[in-house]
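A.B. asks: To start, I am sharing the structure in question, which I have written as structure tokens.
The values are calculated or read from the model by the stated rules, or taken from the named source; none is laboratory data. No experiment lies behind these values; they were computed from the predicted model shown. Note that we place each Cβ from the backbone using ideal geometry, even for glycine, and neighbour counts take in every protein chain shown.
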Amino acid sequence: MRTVAVVGASLAGLSAARSLRKRGYDGRLVLVGEEPHRPYDRPPLSKEFLAGAIGEAELALERDDEDLQAEWVLGTRATGLDRTERAIRLADGREIRADGVVIATGAAARTLPGTEGLAGVHVLRTLDDARALRDGLALGGRLVVIGGGFVGAEVAATAYALGLDVTVVEAAPTPLAGPLGPAMGGIVSALHTDHGVRLLCGVGVKGLGGERRVDAVLLEDGRTLPADIVVVGVGARPCVDWLEGSGVALDNGVKCGADGRTTLAGVVAVGDCANWYDPHTGAHRRVEHWTGALERPDSAVATLLAGGAVEPGVPRPPYFWSDQYGVRIQFAGHAAGADDVTVEEGSTGDRSFLAVYRRAGRPVAVLGMNQPRLFTRWRKQLTSAATAS
Amino acid sequence: MMIPACRLADLPRGEAHRLDIEPPVSVFHTDDGELFAIDDTCTHQDASLADGWLEGCEVECPLHASKFDLRTGAVDAPPAKLPVRTHEVVVEDGMIYVRLSAQAPNLPPCISARLAGGPA
Ligand SMILES: Cc1cc2nc3c(=O)[nH]c(=O)nc-3n(C[C@H](O)[C@H](O)[C@H](O)COP(=O)(O)OP(=O)(O)OC[C@H]3O[C@@H](n4cnc5c(N)ncnc54)[C@H](O)[C@@H]3O)c2cc1C
Ligand code: FES
């Protein structure tokens with residue numbers, strides 16, 4: 001293999017590039033990224049960076065002395081993958097021929113249709129989004145967060161600490177019920193009300209009010225919430241439109257095997273854009289978590305370098321963390337398959353507990369609030385159970 | 001300075017013992033029976049490495065997965081970027097002692113600020 005192109009220059013792309021070099025690939029390595037920035041860390045964008053506790057330099061994902069001997073093509077979008085020529089087409093007209101391709105284009109924040117031109121309306125996915133939102137929050141006032149998922153909840157917590165008046169609107173009856181299940185979703189999202197942040201559940205948003213600048217959020221039940229600033233936190237969609245017609249199978253992201261292999265030889269997918277086959281559950285899943293974007297590229301790269309001849313190891317169960325109102329939330333495993341959740345340690349009222357999700361008596365997931373030590377032990381147990389089965 | 005940590009018999013393999021000194025230091029007993037001491041606080045944020053995932057001679061931070069080498073203190077990949085200090089471990093009469101490094105620690109920004117008397 002003489003040229004490998006990595007498309008998407010964020011956590012998963014950088015991790016893939018590192019793995020390529022670590023595994024001894026010494027050919028040409030090209031990293032293509034739509035954003036003009038070098039790889040940076042997204043989790044602090046809703047937390048320490050938004051709060052002003054750290055600056056842009058601290059977001060860097062590369063070490064100062066790190067040199068991957070790569071060509072960086074930044075500030076340009078990939079617009080197509082040509083399977084016969086084996087080339088990546090770029091928006092600026094250039095073309096990169098490559099023997100191996102790593103798709104790492106991640107996900108983009110969903111927006112509310114029809115609100116694009118309205119000032120004071122934000123999404124949060126990129127550094128540029130975070131800069132704009134930080135400037136917006138600095139003006140103070142009333143913030144309405146649309147969507148009670150993790151990113152929305154973290155923005156609410158950060159803005160509350162900055163002194164804003166915050167309301168969170170969630171269409172589902174319970175926030176976070178998807179990832180955590182309804183019982184624990186309710187307990188975690190009660191952090192909002194504990195702190196005097198309003199949480200409105202089970203009501204959709206009809207639209208936004210305001211001429212040039214947003215001044216209200218209009219709810220489907222007829223209520224109007226006055227707002228000086230609005231954050232739309234309604235999830236992300238995988239960035240795979242550029243692959244239409246390329247022969248790479250798409251279905252909620254890039255459909256790929258447990259090792260990242262796609263339907264095209266010499267092409268693998270990693271990170272938030274990859275809908276990979278999970279041997280534990282026998283289904284495909286797309287996981288938008290930091291740790292997966294860090295760890296999984298290594299097996300994809302091994303597959304790429306071996307021409308598809310390696311058996312992937314069993315991945316660790318998905319893990320994510322969230323920090324809200326000074327509480328550390330950690331979760332690992334799959335809540336969806338659980339038929340029972342029990343608090344094993346601590347109490348939910350104290351916001352310090354460990355809960356275990358079981359299916360037919362076997363642990364399938366674990367949730368911790370401010371319990372890192374116990375959480376790590378349980379996460380280890382889950383992992384060894386997963387590897388053994 | 002030699003600081004008594006705990007009895008060797010009280011620290012099973014695969015476990016860590018934290019010394020509540022400033023800054024805290026932890027002694028790790030690996031599955032292979034080796035003993036190592038490093039600064040307990042991750043250099044990225046305020047997390048205790050004694051709470052982390054011990055595997056071989058590496059401990060993975062319990063929060064964001066940076067791995068530290070117990071032998072050298074080196075970190076493998078961000079979000080943490082700086083190494084932790086390593087300290088010498090001495091066992092005498094069944095008791096574990098730590099001889100503290102004379103180097104300056106690499107504490108995460110939030111803790112350095114607190115120690116300097118600034119906002120936590
Ligand atoms: C605000 C925020 C907070 C988060 N907090 C947490 C947390 O606390 N814990 C946790 O586990 N996870 C968290 N996450 C999720 C985590 O950041 C992601 O899982 C991770 O960034 C995924 O990495 P990735 O490289 O797959 O994708 P991304 O980080 O989305 O990167 C993809 C890159 O590809 C580029 N790209 C897209 N299309 C193209 C194209 N056609 N051509 C060229 N380049 C392209 C994009 O510009 C982008 O830079 C958070 C995410 C956000 C946004
Ligand atoms: S606190 Fe250790 S890696 Fe973040």
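A.B. asks: What strands (runs of 3 or more DSSP E) completely inside segment A:49-117 contain at least 3 residues that are among the β-branched types (Val, Ile, Thr) and surrounded by 12 or more Cβ atoms within 10 Å (Cβ to Cβ)? Outline the logic, then answer.
C.D. replies: Details: elements: A:71-74, A:78-82, A:87-90, A:95-97, A:100-103, A:107-109.
Correct list: A:100-103.
A.B. asks: Also, quick follow-up: Name every residue in segment A:178-218 that is closer than 19 Å to A:ALA119 by Cα and assigned to a strand (DSSP E or B), in order of residue number. Even if it seems obvious, please write down each step before you answer.
C.D. replies: Of segment A:178-218, the ones closer than 19 Å to A:ALA119 by Cα are A:205-218.
Result: A:VAL205, A:LYS206, A:GLY207, A:LEU208, A:GLY209, A:ARG213, A:ALA216, A:VAL217, A:LEU218.
A.B. asks: Moving to a separate point now. Would you mention how many residues in segment A:246-259 are out of contact with any Lys or Arg (no Cβ under 7 Å at 6 or more places or on another chain), outside any strand (DSSP E or B) and of a type outside the set (D, E, K, R)? First the steps, then the outcome.
C.D. replies: Step one: of segment A:246-259, the residues out of contact with any Lys or Arg (no Cβ under 7 Å at 6 or more places or on another chain) are A:248, A:250-251, A:254-259.
Filter again for outside any strand (DSSP E or B), leaving A:248, A:251, A:257-259.
So of that shortlist, the ones also of a type outside the set (D, E, K, R) come out as A:248, A:257-258.
Within segment A:246-259, residues that are out of contact with any Lys or Arg (no Cβ under 7 Å at 6 or more places or on another chain), outside any strand (DSSP E or B) and of a type outside the set (D, E, K, R) number 3.
A.B. asks: Looking for whichever is away from ligand 1 (no atom under 15 Å from the Cβ) and of a type outside the set (D, E, K, R) here; the options are A:THR84, A:THR76, A:THR105. Which one fits?
C.D. replies: Values: A:THR76 fails: away from ligand 1 (no atom under 15 Å from the Cβ); A:THR105 fails: away from ligand 1 (no atom under 15 Å from the Cβ).
From the options A:THR84, A:THR76, A:THR105, the qualifying one is A:THR84.
A.B. asks: While we're here: Quick one: is A:SER299 closer than 27 Å to A:PRO279 by Cβ and loosely packed, with under 15 Cβ neighbours inside 10 Å?
C.D. replies: Answer is no for this residue.
A.B. asks: If I ask for residues that are away from ligand 1 (no atom under 16 Å from the Cβ) and surrounded by fewer than 21 Cβ atoms within 10 Å (Cβ to Cβ), which ones from segment B:57-72 would you list?
C.D. replies: So in segment B:57-72, the residues away from ligand 1 (no atom under 16 Å from the Cβ) come out as B:57-59, B:67-72.
Of everything in segment B:57-72, those that are away from ligand 1 (no atom under 16 Å from the Cβ) and surrounded by fewer than 21 Cβ atoms within 10 Å (Cβ to Cβ) turn out to be B:CYS57, B:GLU58, B:LYS67, B:ASP69, B:ARG71, B:THR72.
A.B. asks: Do we have any residue at all in segment B:80-96 that's in contact with a strand residue (DSSP E or B) (Cβ under 6 Å, 6 or more places away or on another chain), within 14 Å of chain A (Cβ to nearest Cβ) and within 14 Å of ligand 2 (Cβ to nearest atom)?
C.D. replies: Yes.
A.B. asks: Within the set of pairs 6 or more residues apart or between chains, which connect a residue that is modelled with pLDDT of 95 or more inside segment A:321-342 to a residue that is near ligand 1 (Cβ under 10 Å from one of its atoms) and among the charged types (D, E, K, R) with Cβ atoms less than 6 Å apart?
C.D. replies: Hits for this filter: A:ASP323/A:LYS47; A:GLN324/A:GLU154.
A.B. asks: Right, another one. More than 21 Å from A:PRO179 (Cβ to Cβ) and touching a residue at least 40 places away in the same chain (Cβ under 8 Å): which single residue out of A:THR348, A:THR303 fits that description? First the steps, then the outcome.
C.D. replies: Details: A:THR348 fails: more than 21 Å from A:PRO179 (Cβ to Cβ).
Result: A:THR303 is the single residue among A:THR348, A:THR303 that is more than 21 Å from A:PRO179 (Cβ to Cβ) and touching a residue at least 40 places away in the same chain (Cβ under 8 Å).
A.B. asks: Hey, another quick one. Looking at segment A:342-389, which of the residues that are β-branched (Val, Ile, Thr) and either within 14 Å of chain B (Cβ to nearest Cβ) or part of a loop (DSSP other than H, G, I, E, B) (or both) is surrounded by the fewest Cβ atoms within 10 Å (Cβ to Cβ)?
C.D. replies: At the first step, the residues of segment A:342-389 found to be β-branched (Val, Ile, Thr) are A:342-343, A:348, A:356, A:364, A:366, A:376, A:383, A:387.
Filter again for either within 14 Å of chain B (Cβ to nearest Cβ) or part of a loop (DSSP other than H, G, I, E, B) (or both), leaving A:366, A:376, A:383, A:387.
Working: A:VAL366: 27, A:THR376: 23, A:THR383: 18, A:THR387: 13.
Top of the filtered list is A:THR387.
A.B. asks: Just to be sure I understand, how many residues within segment B:29-56 are away from ligand 1 (no atom under 16 Å from the Cβ), within 11 Å of chain A (Cβ to nearest Cβ) and part of a loop (DSSP other than H, G, I, E, B)?
C.D. replies: Count: 1.
A.B. asks: Given (1) without any contact (Cβ under 8 Å) to a residue 40 or more places away in the chain; (2) near ligand 1 (Cβ under 10 Å from one of its atoms), identify the lone condition not met by A:GLY233.
C.D. replies: The single condition A:GLY233 does not satisfy is (1).
A.B. asks: Mind telling me which of the residues A:ALA249, A:ALA236, A:ALA227 ends up being modelled with pLDDT of 95 or more, more than 16 Å from ligand 2 (Cβ to nearest atom) and within 18 Å of the chain's Cα centre (by Cα)?
C.D. replies: Details: A:ALA249 fails: within 18 Å of the chain's Cα centre (by Cα); A:ALA227 fails: within 18 Å of the chain's Cα centre (by Cα).
Answer to the selection: A:ALA236.
A.B. asks: Shifting gears a bit: When segment A:9-40 is examined, which residues are found to be assigned to a strand (DSSP E or B) and under 24 Å from A:ASN275 (Cα atoms)? Before you say what the answer is, go through the steps one by one.
C.D. replies: Kept after step one, since they are assigned to a strand (DSSP E or B), are these residues of segment A:9-40: A:28-33, A:40.
A:VAL30, A:LEU31, A:VAL32, A:GLY33, A:TYR40 - these are the residues of segment A:9-40 that are assigned to a strand (DSSP E or B) and under 24 Å from A:ASN275 (Cα atoms).
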